[in-house]
Amino acid sequence: MSQIVSLFQAAVYFGTVILFGAVGEILAEKSGNLNLGVPGIMYMGGIAGLIAAFLYENGTANPVPAVAILVTLAAAFVMSMIGGLIYSVLTITLRANQNVTGLTLTIFGSGFANLFGGNLNKMAGGAGQISVAFTSGVYRTKIPFLSDSTGVFGEMFFFYGFLAYVAIIVALAVKWFLNRTSVGLNLRAVGENPATADAAGINVTKYKYVATCVGAGISGLGGLYYTMDYIKGTWATDGSIEKLGWLAVALVIFATWKPNRAIWGAYLFGLLSWVYYYLPGLTRSSQEIFKMLPYVVTLLVLIVVSLRRSKESQPPASLGLAYFREDR
Amino acid sequence: MEANLAVRMVNITKTFSHVVANNNITLEIRRGEILSLLGENGSGKTTLMNMLSGIYFPDSGQIYVNGEEVSIASPKDALDLHIGMIHQHFKLVDVFTAAENIILGLNEKAVLDLNGVRRAVKEICDRYGFVIDPDKKVYDMSVSEKQTLEIVKVLYRGADILILDEPTAVLTPQETEKLFAVMRNMKADGKSIVIITHKLHEVMEISDRVAVLRKGEYIGEVPTSQTNPQQLTDMMVGKATTLNIGRPEPNGLTERLIVKNLTVKDADGVKKLSNVSFTAYGGEILGIAGISGSGQRELLEAIAGLQDPEEGSSIMFIPPDKEASELVGRDPEDIYKSGVGLAFVPEDRFGMGLVGSMDLVDNIMLRSYKSGKSPIADRKHPRERANKIVEDLEVVTPGLGTPLRRLSGGNVQKILVGREIAAEPSLLMTAYAVRGLDINTSYTIYHLLNEQKAKGAAVIYVGEDLDVLLELCDRIVVLCAGRVSGIVNGRSTRKEEVGLLMTRLSGKENANE
């Protein structure tokens, strides 16, 4: 039983990171921008949050939990939006190739974050790793009372820091925004058919910029959750954020661009990613086969979706294409 | 100014690079009337209306709406003035429902009120006699439904002046009748409607007044009740002008291509060609005339193996000194391999003919890369051929290594034609070979075609300028809505005759309807 609960928890920790990444990316892709810089943006969000926490903890004698959270959230969100802004300027204004720009941004974000992460480790005393125990502790605070008084149920559903719940709320909010609001309808039109949106009086450039930058901000929170909660306020230069970032991109496809489907998809990916740890008798090499599962499942979804040819499960029609009015 | 004038466009001029699309045009649109804007392809009808709907901005001239001078810089500006245009290519989002498309961009309420839209749409439909399901997705709609949706969309946005760009081009006769009924209802409601068209019988049936454009010039206007198709045709095509294009007498005519009962449907199952039959001879230039979209493209593509003609179609190709062979059911590679010597200069130079980012030699190689046995492509002979084309056709290029996209349209066309004739084809097909070219380059191309004719090749020339067709071609096949409406002798026919055949006015054609 405790094994199952533990696997479930691992799936939620893991899923929360990629859920943020995927929901942000869905928002960007709905505007027609295929931002492959998600891993880099998650790196940037993660390191910005860590730096902010480090500076705050070292600069204050008695850190306040609420302030620690606000400072780190703001730093991560703004830094990730800057990542999205770089991407937007290049692809929307300068009409650079989206794939190349995204991949470059991923490389940039990873290098940028590890440069500062390595230096933080040095500044933290040289002997070991940086640790922002206070802020990380705030992020990892479980839901009081419910988490320890409701038994297994509590361990499964109330055992996580607040960002895990924020991720679900954000996903549902984005779904509502896309499907139920005028601005959401306009945004979807921009990603489907920018010429039509333009003719309807929608400012295509503005929509693309805002959706890509806000989407990047949301994606970056995945990086923040990773540093604060997943690896408990430390920094690891082993590239694991990047792996999660690519899974977030895969999750967008798995969820067929629907935020609500990304929620359970994220936990499924988490489950599939960790199941090797809980299966007895696996060798180091056979473990690797199980680690492939999320990617295999994504491939299967792609095949099924392609075979069904359902119009509702397709990527936005102008995804990956730059728009300029003179083309029409 | 008259009180019942809805729009007055005064001295409007619009040029695209050097081409004058509209020259000093003055046009009036009255309240509660249906005005036909009539003209051939490229006469500037759509350009003129695009300036009213905010797609283009005039170079000079004034636009008055309800007596006040206005500046229309975007489609939104036009809608604010209650002007709405239904384009030939629908501006709809495929995965949205009708209702979602209708309120797109309006931002009337922060949270979508689809029920309110449904009510408003129903009201509009009841008023004018439309039928539309607000919850139907666009990708499930027929062309006619999409058009209805476009009209409802501009009405929902409050348009009083509606411009329809060739609305019947995609409709069946029954759907056309329905559209006309709706247009009459809208007119009765006081709306002004402009219908851009080149179909004379529709002009006669639906409109109150006709304004005619030709080659960017305003020719005149007449009340529909006081005119007839013959007068309108004369206004549309104008008097024949002499171009002095050489036309050597054909000699040694041999049957080269026999097309029989060729029927082609597009992806939606709409017939693009029906029962087309004609014969092309080696040693002559066969012209293909017709309003654009009458099936010219499909015809050439079917011969080149790019279409999949219906059962019963036959395209028999008889190369000199070789067995006749059937082309239907074979793909371009197959046709090329059998060495039948078919050359094709397509309408879309960079889409189908050449690769813009590749240089001259590489583009020549597109024709020859499979020759020889070595896995390494032969670049030497294509380079020689490229040099020869540059010299013979006086192509202006910085060098053989320049990507073709950087060259001017005329030079690009010379290269394409040069490549196609270098293989000494026994059948040469050209689509709009001189479109966008200056006079001198055009004459170079005519000369090349005449050379091929003298060598005994069968040349098929699809053109849009009747004056050229009449002086260059030995015979002319006239297409109308996918059918052959007549085959005439280029030497003895008159421009008016071809014009009438193009617009469905021959007795034979009417019998088909």
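Overview of values
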read-out	value
Test set (1) part of a helix (DSSP H, G or I); (2) free of Cβ contacts under 8 Å to residues at least 60 places away in the same chain; (3) more than 14 Å from chain B (Cβ to nearest Cβ) - residue A:238 fails condition number	(1)
Filter result for residue B:149 (within 22 Å of residue B:76 (Cα to Cα), under 23 Å from the mean Cα position of the chain (by Cα) and open to solvent by less than 10 Å² (accessible area, probe 1.4 Å))	no
Residue list for region A:200-224, restricted to those being open to solvent by less than 20 Å² (accessible area, probe 1.4 Å) and facing chain B (nearest Cβ under 7 Å)	A:200, A:202
Scan of region B:127-147 for residues that are at pLDDT 90 or above, in a loop (DSSP other than H, G, I, E, B) and more than 13 Å from chain A (Cβ to nearest Cβ), ordered by number	B:132, B:133, B:134, B:135
Any hit, region A:255-271, residues being aromatic (Phe, Trp, Tyr), more than 14 Å from every other protein chain (Cβ to nearest Cβ), out of contact with any Pro (no Cβ under 6 Å at 6 or more places or on another chain) and within 24 Å of residue A:4 (Cα to Cα)	yes
The one condition in (1) under 24 Å from residue A:99 (Cα atoms); (2) part of a helix (DSSP H, G or I); (3) at pLDDT below 95; (4) not acidic (Asp, Glu) that residue A:256 fails to fulfil	(2)
Strands (runs of 3 or more DSSP E) wholly inside region B:246-335 containing at least 1 residues that are within 30 Å of residue B:142 (Cβ to Cβ) and open to solvent by less than 60 Å² (accessible area, probe 1.4 Å)	B:254-265, B:271-282, B:285-289
Matching residues, region A:306-322, being under 30 Å from residue A:205 (Cβ atoms) and either away from chain B (no Cβ under 14 Å) or touching a strand residue (DSSP E or B) at 6+ places or on another chain (Cβ under 6 Å) (or both)	A:320, A:321, A:322
Answer from A:277, A:295, A:267 - the residue that is surrounded by 17 or more Cβ atoms within 10 Å (Cβ to Cβ) and either modelled with pLDDT of 90 or more or in a helix (DSSP H, G or I) (or both)	A:267
Answer from B:424, B:464, B:451 - the residue that is among the acidic types (Asp, Glu), closer than 26 Å to residue B:318 by Cβ and modelled with pLDDT under 90	B:424
Wholly within region B:376-464, helices (runs of 4 or more DSSP H) carrying at least 2 residues that are open to solvent by less than 10 Å² (accessible area, probe 1.4 Å) and of a type outside the set (A, V, I, L, M, F, W, C)	B:409-422, B:439-454
Every residue from region B:46-80 that is open to solvent by 40 Å² or more (accessible area, probe 1.4 Å), farther than 11 Å from residue B:22 by Cβ and within 14 Å of chain A (Cβ to nearest Cβ)	B:57, B:73, B:76, B:77, B:80
Filter result (more than 8 Å from every other protein chain (Cβ to nearest Cβ), farther than 8 Å from residue B:138 by Cβ and open to solvent by less than 20 Å² (accessible area, probe 1.4 Å)) within region B:86-103	B:86, B:99, B:102
Some residue of region B:111-126 being closer than 27 Å to residue A:315 by Cβ, part of a loop (DSSP other than H, G, I, E, B) and at the interface with chain A (Cβ under 9 Å from one of its Cβ atoms)	yes
Any chance residue A:10 is surrounded by fewer than 19 Cβ atoms within 10 Å (Cβ to Cβ), touching a Ser or Thr at 6+ places or on another chain (Cβ under 9 Å) and of a type in the set (A, V, I, L, M)	yes
Yes/no for residue B:266 being modelled with pLDDT under 85 and in the same structural domain as residue B:500 (by TED's automatic domain parsing)	yes
From A:171, A:197, residue being closer than 30 Å to residue B:139 by Cβ, open to solvent by less than 30 Å² (accessible area, probe 1.4 Å) and either in contact with a strand residue (DSSP E or B) (Cβ under 8 Å, 6 or more places away or on another chain) or within 14 Å of another protein chain (Cβ to nearest Cβ) (or both)	A:197
Set B:12, B:34: member being in contact with a Pro (Cβ under 8 Å, 6 or more places away or on another chain), more than 24 Å from residue A:196 (Cα to Cα), surrounded by 22 or more Cβ atoms within 10 Å (Cβ to Cβ) and not aromatic (Phe, Trp, Tyr)	B:12
Residue in region A:273-287 that is in contact with a Pro (Cβ under 8 Å, 6 or more places away or on another chain) and aliphatic (A, V, I, L, M) present	no
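The values are calculated or read from the model by the stated rules, or taken from the named source; none is laboratory data. Bear in mind the structure is a predicted one, so any value in this text is a computation, not a measurement. In this analysis, Cβ positions are derived from the backbone assuming ideal geometry, glycine residues included, and neighbour counts consider all displayed protein chains. Note: areas computed on protein heavy atoms with side chains; ligands, DNA, RNA excluded. Shrake-Rupley method; radii C 1.70, N 1.55, O 1.52, S 1.80 Å.
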